[in-house]
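A short worksheet on the structure shown next.
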Amino acid sequence: MSNMNQLLDVLIIGGGPAGLNAALVLGRARKNVMVIDDETPRNWVTRETHGFVTRDGASPREFRKAAKEQIAAYPSVQFVSDTASTVTGTDGDFQVTTVQGGTYQAKKILFAVGKKDLPLDIKGLTEVYGKSAFVCPYCDGWELRDQELVIIVNGAKAFHMAITISGWTSRFTICTNGPDELTDEQREELQQHGVRVLDSPIRSIESSEGMVQHVLLEDDTQISCTGIFFGPKLATGSELPKVIGCEITDAGTVVVDEYGKTTVSGVFSAGDAASEMYQAITAASLGALSAVSINSELNMEAWNKRSKY
C-alpha cells in the first residue's frame, strides 16, 4: 500500500509506450510524476515489437525494461505496480485510489491505459493470437511476407485490409465470418484483383504449437494458411476515463484534441487509448506530445501564480 500526501504534478495511469515516453519527457522537465501500471499490457501476447527504430524486434518486456532503466536517471519519476480503481476531483486537484489501497493526489491526469481485447467467438483464435495471428500488418506483415494468409474481417475494413496486405503478399483469402457487408463495387474490385471472399461462418482455426495450419468454415471449406490477420473488437483499457467524464467513441477511443487534451479539463490521454493507430512508436510519440502539453499547462499555471501583479 502506498499513500502520498504530496501533490504530484502528473499522475500517469498506464505504463506502456505512451505512458513511459510521457514519464520520460515530464521527468526531464523536472515534474513530479507517478506512473501507476498493473503490468498486464495487451501486447504481451506478442513476441516482438516492430517498427520502432532502435527497438525493432525487442519483446514488450525488454522494451519496458529498457525504458524504465533510462527513466531512472530522472528521480522525480516514480513507478508503482498497481491498478487505479477510482479517479475523482478537478483540474489541479485530482484524487486517485488503487486496488491495493494506495491514494494519490495530482494536478493533472494522463490516461495511457491502451485498449483491451473483447472476446471473439472464433474457436482456436486464442491459441494462435500473437504467434501466427495478428492485428497489425505494419507490426507483423514482414514476418508473413509472401505467405498464404487468411484475413478475418468484413465490410469496408475488409476492402481496406486487402489493399494494405497486398503490399506484403498476394496470396490471401478474406473470411468475413458471416455476411461480408461489402458494397457491390467493392466485391467487384476484389474479384478483379483475384481476392477470394468467403462469407461462411468460421468453425475453427486449427494450429500446432501456436502456428496456424488452416481455417475451417461451417460449409466445410478448409483454407490452408500460415498466418492470419484479423480485426479485433476493442474497448478502452480502463473504465476510468469514462467515469470521470471523458467523451469516448463507439470504438472505445478517448476523444482528444491534437495535444492529447480530453473533454475534461486537466485530463489527458495518449497512446492506443486515444488513437486507432495501433503501433508502439505511434503510442510513444503521442505520449511525448501529451507530456509537452501537460508541461506547458503546468508551467503557465506556475508562471501566473508567481506574477507580481
| message | I'd like the full set of residues that are part of a loop (DSSP other than H, G, I, E, B) and either more than 30 Å from residue 218 (Cα to Cα) or in contact with a Phe, Trp or Tyr (Cβ under 8 Å, 6 or more places away or on another chain) (or both), limited to the range 100-121. | response | 100, 101, 102, 112, 113, 114, 120
| Long-range neighbours under 8 Å by Cβ, at least six apart or interchain, first residue on the phi < 0 side of the Ramachandran plot and open to solvent by 10 Å² or more (accessible area, probe 1.4 Å) within the range 260-276, second β-branched (Val, Ile, Thr) and part of a strand (DSSP E or B) | 261/267; 262/254; 265/90; 274/254
| Got at least one residue in the range 197-207 being closer than 30 Å to residue 87 by Cα, in contact with a helix residue (DSSP H, G or I) (Cβ under 7 Å, 6 or more places away or on another chain) and assigned to a strand (DSSP E or B)? | no
| Which condition does residue 296 not pass, out of (1) of a type outside the set (A, V, I, L, M); (2) open to solvent by 50 Å² or more (accessible area, probe 1.4 Å); (3) part of a helix (DSSP H, G or I); (4) in contact with a helix residue (DSSP H, G or I) (Cβ under 8 Å, 6 or more places away or on another chain), if it passes all the others? | (4)
| said: Here is a check on your reading of the model: is residue 217 more than 19 Å from residue 144 (Cβ to Cβ) and open to solvent by 10 Å² or more (accessible area, probe 1.4 Å)? | reply: no
| message | Of all residues being more than 17 Å from residue 112 (Cα to Cα) and assigned to a helix (DSSP H, G or I) in the range 62-85, which is least open to solvent (accessible area, probe 1.4 Å)? Just the residue, please. | response | 66
| query | Just wondering, is there one or more residues in the range 101-110 that are touching a helix residue (DSSP H, G or I) at 6+ places or on another chain (Cβ under 7 Å), over 30 Å from residue 228 (Cβ atoms) and not aliphatic (A, V, I, L, M)? | reply | yes
| Is it true that some residue in the range 229-244 is out of contact with any helix residue (DSSP H, G or I) (no Cβ under 9 Å at 6 or more places or on another chain), modelled with pLDDT of 95 or more and within 23 Å of residue 165 (Cα to Cα)? | no
| Single unsatisfied condition, residue 177 versus (1) surrounded by fewer than 21 Cβ atoms within 10 Å (Cβ to Cβ); (2) at positive phi | (1)
| remark: Residues in the range 146-178 that are farther than 14 Å from residue 197 by Cα and outside any helix (DSSP H, G or I) total 7
| Are any residues in the range 267-288 part of a helix (DSSP H, G or I) and farther than 16 Å from residue 109 by Cβ, and if so, which ones? | 272, 280, 281, 282, 283, 284, 285, 288
| remark: Only one of 54, 97 is surrounded by fewer than 20 Cβ atoms within 10 Å (Cβ to Cβ) and assigned to a loop (DSSP other than H, G, I, E, B), namely 54
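The values are calculated or read from the model by the stated rules, or taken from the named source; none is laboratory data. Quick caveat: nothing in here was measured; it's all calculated off a predicted structure. Note that we place each Cβ from the backbone using ideal geometry, even for glycine, and neighbour counts take in every protein chain shown. Note: areas computed on protein heavy atoms with side chains; ligands, DNA, RNA excluded. Shrake-Rupley method; radii C 1.70, N 1.55, O 1.52, S 1.80 Å.
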